[in-house]
Amino acid sequence: MKVLVTGGTSGLGLAMASALAATGASVALTGRSGERAESIAAGLPGATGVEMDVRDESSVARAVDQVWSQLGGIDMLVNNAGIGMRTVNPRFMTQPQGFWEVPPDAFRAVIDTNLTGYFLVAREITPRMLASGGGRIVNISMNHSTMRRAGFVPYGPSRAGSEALSRIMAADLRGTGVTVNELLPGGATVTGMLPQDVVSEGHGFLSPEVMGPPIVWLGSDDAAGVHDERIVAAEFDQWLRDRESRQ
């Protein structure tokens, strides 16, 4: 399995890249800093790091060209690169602000990364997957409650938009051999998106490693043909049992 994980230098992305690499997959992980991406990838078996700014279509095209050439194709795209509320309001967990207080530039930065970024990377890779006979796209999402929580503009709207994008991508690609699924942790997760003081207090946050088993499964033979599913990582074992009982 040849996998591209965007935003793979930390948090959920690194957890997923690590889990996939541990199974023997060839993994390329991206970050805005190529040097950091290469440094992080050096710690994973068989992984490679690539510079990519998901907001910039020329950067996306260059990175996809590089990964496609280095890996000899891309079997699975994990659309994960994103920024959170800390970039807009560092105290968003304890002192939420109204949407009217959000600077327009901060709003655009989050939407450009979390929504437009998913579109640009998938847009660049999908024609290649179609031409090669198939592929898998996994878009990382968040709980629905996050999408409507007070003080969560623009992060909530960015993830709601990416979820709608995922469903339409799945509809557009149905029957083509390219599958699209969503994967989300299932709760607040200990990543750089959370303020450190909140994390240190301990609120039963999920570990990023919760994403490992479902992303490995989505890259396995068992998941061939699985399409338009929304998988909650924290509930993955039960979801898989329910799925198997229906088959």
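For the stretch 117-157: of the residues being of a type in the set (S, T, N, Q) and within 23 Å of PRO90 (Cα to Cα), which is modelled with the highest pLDDT?
Going through the qualifying residues, I end up with SER141.
Being crowded, with 17+ Cβ neighbours inside 10 Å, of a type outside the set (Phe, Trp, Tyr) and in contact with a strand residue (DSSP E or B) (Cβ under 8 Å, 6 or more places away or on another chain) narrows it down to one of ALA15, ALA47, ALA19, ALA42, so name that one.
Matching residue, one of ALA15, ALA47, ALA19, ALA42: ALA47.
Test GLU35 against the stated conditions and say whether it is open to solvent by 10 Å² or more (accessible area, probe 1.4 Å) and within 27 Å of ALA170 (Cα to Cα).
No, not satisfied.
If you check GLY161, GLY82, GLY156, which single one turns out to be open to solvent by less than 10 Å² (accessible area, probe 1.4 Å) and in contact with a helix residue (DSSP H, G or I) (Cβ under 6 Å, 6 or more places away or on another chain)?
Answer to the check: GLY156.
Listed here are the residues, each with its yes/no results for (1) among the small types (Gly, Ala, Ser); (2) in contact (Cβ under 8 Å) with a residue 40 or more places away in the chain; (3) over 21 Å from MET129 (Cα atoms).
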{"residue": "VAL3", "(1), (2), (3)": "no, yes, no"}
{"residue": "SER10", "(1), (2), (3)": "yes, yes, yes"}
{"residue": "LEU20", "(1), (2), (3)": "no, yes, no"}
{"residue": "ALA37", "(1), (2), (3)": "yes, no, yes"}
{"residue": "ARG55", "(1), (2), (3)": "no, yes, yes"}
{"residue": "SER69", "(1), (2), (3)": "yes, no, no"}
{"residue": "VAL88", "(1), (2), (3)": "no, yes, yes"}
{"residue": "THR94", "(1), (2), (3)": "no, yes, yes"}
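Being of a type in the set (A, V, I, L, M, F, W, C) and surrounded by fewer than 19 Cβ atoms within 10 Å (Cβ to Cβ): is that true of ALA131 here?
Answer is yes for this residue.
The values are calculated or read from the model by the stated rules, or taken from the named source; none is laboratory data. For clarity, every value in this text was computed on a predicted model and none was experimentally measured. FYI the Cβ positions are ideal-geometry reconstructions off the backbone, even for glycines, and counts take in every protein chain you see. All accessible areas refer to the heavy atoms of the entire protein, side chains included, with ligands and DNA or RNA removed. Shrake-Rupley method; radii C 1.70, N 1.55, O 1.52, S 1.80 Å.
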